Amino acid sequence: MENQNQHNFNRIARAIDYLQTHFLRQPSLEEIAEHIHVSPYHFQRMFTEWAGVSPKKFLQYLTLAYAKQVLNKKEVTLFDAAQASGLSGTSRLHDLFIHLEGMTPGEYKNGGQQLTINYSFAESPFGNILVASTSVGVCHLAFADDEVNALQSLKTRFPRATYRPLVDTIQQNALFIFTRDWSQLHQIKLHIKATPFQLKVWEALLKIPMGKLDSYSGIAQRIHQPLASRAVGTAVGDNPVAFLIPCHRVIQSTGVFGNYHWGPTRKQAMIGWEAAKTETAA
């Protein structure tokens, strides 16, 4: 059964889709609310509680012009942000507190036979999620619109691991990213199966600050392989840890947001939500 958090996000997602489809004529609050079958008052309150800004303001973060503006500014802001003074907690770089550790071949050979993986389902601002962890760190985080399929996808990655439906402190610490000021977070360790190239790409993604964006070609340049944009795109798509490794912050160099493993509307929601959070915190 759909929980209230998932139900609200589904309404938000439908509203974002409607805003995107009809943005040229700037639909009214009443029209959007009618589309998702709630009162204008309830919609305004629900959306503002979720995003921190009005639907009209949120739409500005999803425009091509806004995306291009952020991309054009990235040379100044992207990798210098950690040194900039006066950054709020929500603007801190991911890599200040998320540590990536690649599994050794012995840890994932034979389909993960030597691994014990705890897993649980939880709520997030972007719908239900499945989070899984080894004794070392988070090994998987995925949006779970269908819990059965989400769990099966995890087990496909490590078919011979031992699985336990158990909430542990590693998972709880990771999930605080959705609810706490990032300056209050403890370091989150990720324990993931990856090739050396994938690790390079994912480490580069960790350096994209919240509220900022980069392109596939930009990431390729950052890892000193400027001709590898396509391979970068593949590695981004293979990311097993949603949001914590922020692959949603990578868009096309034209400013088009592009696809996302867990759905393009969810990607738009995440980009807009982060932009609103960083702007209101500034």
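Values quoted throughout were computed directly from the atomic coordinates according to the rules given, and no laboratory measurement underlies them. Bear in mind the structure is a predicted one, so any value in this text is a computation, not a measurement. Quick reminder, even Gly has a Cβ in these numbers, built from the backbone with ideal geometry, and neighbours come from all protein chains shown.
When only Cα pairs below 8 angstrom with a gap of at least 6 residues are kept, the chain shows a relative contact order of 24 percent.
Add -39500 (n - 2.57) for each DSSP H run of 4 or more in the chain, then divide by its residues: what number comes out at 222 nm, to the nearest 500 deg cm²/dmol?
Calculated mean residue ellipticity at 222 nm is -13500 deg cm²/dmol.
On the principal axes of its alpha-carbon atoms, segment 113-166 has extents of 33, 21, 15 Å, going from largest to smallest. The magnitude of the dipole of the chain, with charges of +1 and -1 set on the Cβ of Lys/Arg and Asp/Glu and taken from the Cα centre, is near 540 debye. Separation of segment 38-75 from segment 112-161 is 30 Å, based on Cα centroids. With angles folded into 0 to 90 degrees, how steeply does helix 196-205 sit against the dominant principal axis of the chain? Use alpha carbons for both and round to 10. It works out to around 30 degrees.
Computed over the Cα atoms of segment 179-268, pair by distinct pair, the Kirkwood hydrodynamic radius stands at 13.6 angstrom. Seen against the Cα atoms of the chain and their longest principal axis, helix 4-21 is set at about 60 degrees.
Positive end of the dipole of the chain (Cβ unit charges, origin at the Cα centre): among W262, L71, H140, the Cα lying farthest that way belongs to L71.
In terms of its alpha-carbon gyration tensor, the chain comes out oblate; a/c meets the 1.5 threshold, while b/c is at least as large as a/b. Peptides 45-51, 231-237 ordered by packing proxy, namely the average of other Cβ atoms within 10 Å per residue, highest first: 231-237, 45-51.
Given the pairs K68/K189; K109/K267; K56/K267; K57/K189; K56/K207, which are separated by over 27 angstrom at their Cα positions? All intermediate terms of the calculation are to be shown ahead of the outcome.
Numbers: K68/K189 32 Å; K109/K267 32 Å; K56/K267 18 Å; K57/K189 35 Å; K56/K207 29 Å.
From the list (K68/K189; K109/K267; K56/K267; K57/K189; K56/K207), the Cα-Cα distance tops 27 Å for K68/K189; K109/K267; K57/K189; K56/K207.
Farthest towards the positive end of the charge dipole of segment 1-78, among the residues W50, F9, F23, is the Cα of F23, using unit charges on the Cβ of Lys, Arg, Asp and Glu. Taking the fewest neighbouring Cβ atoms within 10 Å as the starting point, the ordered list for K155, K73 is K73, K155.
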